[in-house]
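Shown next, in structure tokens, is the structure this report addresses.
The values are calculated or read from the model by the stated rules, or taken from the named source; none is laboratory data. These numbers were taken from a predicted model, which means no experiment stands behind them. Cβ sites come from the backbone with ideal geometry, for glycine too, and all protein chains shown count toward neighbours. Calculation scope for accessible area: heavy atoms of the full protein, side chains included, ligands and nucleic acids excluded. Shrake-Rupley method; radii C 1.70, N 1.55, O 1.52, S 1.80 Å.
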Amino acid sequence: MGEIKLKKLSRVGLCLLPFLISSCTLVPGMHMKNRGLTPSVTASGQIVTPKVIPITPELIQQQQSASQTQSHFDALNYKPPVGFTTDTKGYQYLVGPQDVLQIVVWDHPNLSNPTNSENISSKDPGAGITVDAEGNLYYPYVGVIHVAGLNTDQIRNLLIQKLSLYLKDPQLNVTVLEFNSQKVTITGAVGVPTVIPVTNIPLTILNAVTLAGGPTRCGSSLRSGDGSGGICADIRDVEVTHNGVKTIVNLDSLKAPDGSSTDWLLHDGDTVFVPNNNFYRVFVLGAVNAPGPYNMIDNLMNLREALGDANGASDISDPTYTYVIRNFKGDPQIFEIDARSPDALNLAGDFALKPEDIVFISTSKLENFNSIINQFLPSLSTAVYIKSLST
């Protein structure tokens, strides 16, 4: 068999290669037990000192405190995106080209969807009258009238006014039979990417995504690492565009940082894009039973969940030496935990992972940073390549 070329490395895999070269040549003897590590060079050429941080209750408390502080800051500084609203009170559909109207004039059946109209939608008198491309329709006695941009009440009043010249106290009703003029596009990781018509019923983001089959889920365990090869939706970063303005919506909570609703009302030409969460994954490598990339559910995963998804440590592992490697592009960090310690289970459950983190269980103590990279890089490259075949 020919040589398999790994052409689809992720951002982590791509930046690891030059980092490996530089670290192997420039950083001999980088001891884990020494917190003052020898500087190394990252893929971007910056000189950094990788940090080794024990996972302790104090670290967990610091992480949680920082998260709360950030949430408070975001709430105080939040401003709704321009042009977006969640207010559906008083919503009225405005007629447009290609909409089909039904016009009924009481006691005058010959004027109800008249069959001699030039823009009749079919030979069936009950089928309605189609608004032409200029937003006009032709009506007997009235002639050509412009109806685009009007609601049904306004069209009814306009026809009553004009028919009153020929009929005594005309009574009529106007409804929209087919909504063809206005549409919203739903794409991305949804059941059925589609175009949804805007109707007389207010259409919100949640309604639209639901009508498109809902966000996709991958496999029975909801993780792409379960071998299902499915695509998971990233429901926390749904992109909505209205009049050229883009905003991000958390479809899980539909709440802004200040607690207000973000279930925005959609209008003609709006787009809703549900991305997949391939970026929101972690790599569990080393001496585990099921190494590979694992998608985060709703962009969340802790260390205990990651190890559980990989079916735990293998028989040849030494869980004493469990590492989390983070941020190779900028300031590399290494977190370490003794997975056999009494409080390790609780600590791992409280330690939040970030996208592209690498969880690595070694078979023995690693004395330098080069040893860590040399052990997990082959597994990482293989995992990324296999993952690319299923996406």
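Worth pointing out:
- Top-ranked residue of segment 339-360 - restricted to ones that are assigned to a loop (DSSP other than H, G, I, E, B) and surrounded by 16 or more Cβ atoms within 10 Å (Cβ to Cβ), ranked as modelled with the lowest pLDDT: Ala339
- Members of segment 201-218 that are in a loop (DSSP other than H, G, I, E, B) and either surrounded by 15 or more Cβ atoms within 10 Å (Cβ to Cβ) or within 14 Å of the chain's Cα centre (by Cα) (or both): Pro202, Leu203, Ala212, Gly214, Thr216, Arg217, Cys218
- When the strands (runs of 3 or more DSSP E) confined to segment 258-302 are screened for residues that are β-branched (Val, Ile, Thr) and closer than 18 Å to Glu356 by Cα, those reaching at least 1 such residues are found at 281-286.
- Qualifying residues in segment 108-142 (those that are in a strand (DSSP E or B) and at pLDDT 85 or above) - the one most open to solvent (accessible area, probe 1.4 Å): Tyr138
- Filter result (open to solvent by 30 Å² or more (accessible area, probe 1.4 Å), under 19 Å from the mean Cα position of the chain (by Cα) and under 21 Å from Ala344 (Cα atoms)) within segment 278-307: Leu300
- Residues that are under 15 Å from the mean Cα position of the chain (by Cα) and without any contact (Cβ under 8 Å) to a residue 40 or more places away in the chain within segment 169-191 comprise just one, Gly191.
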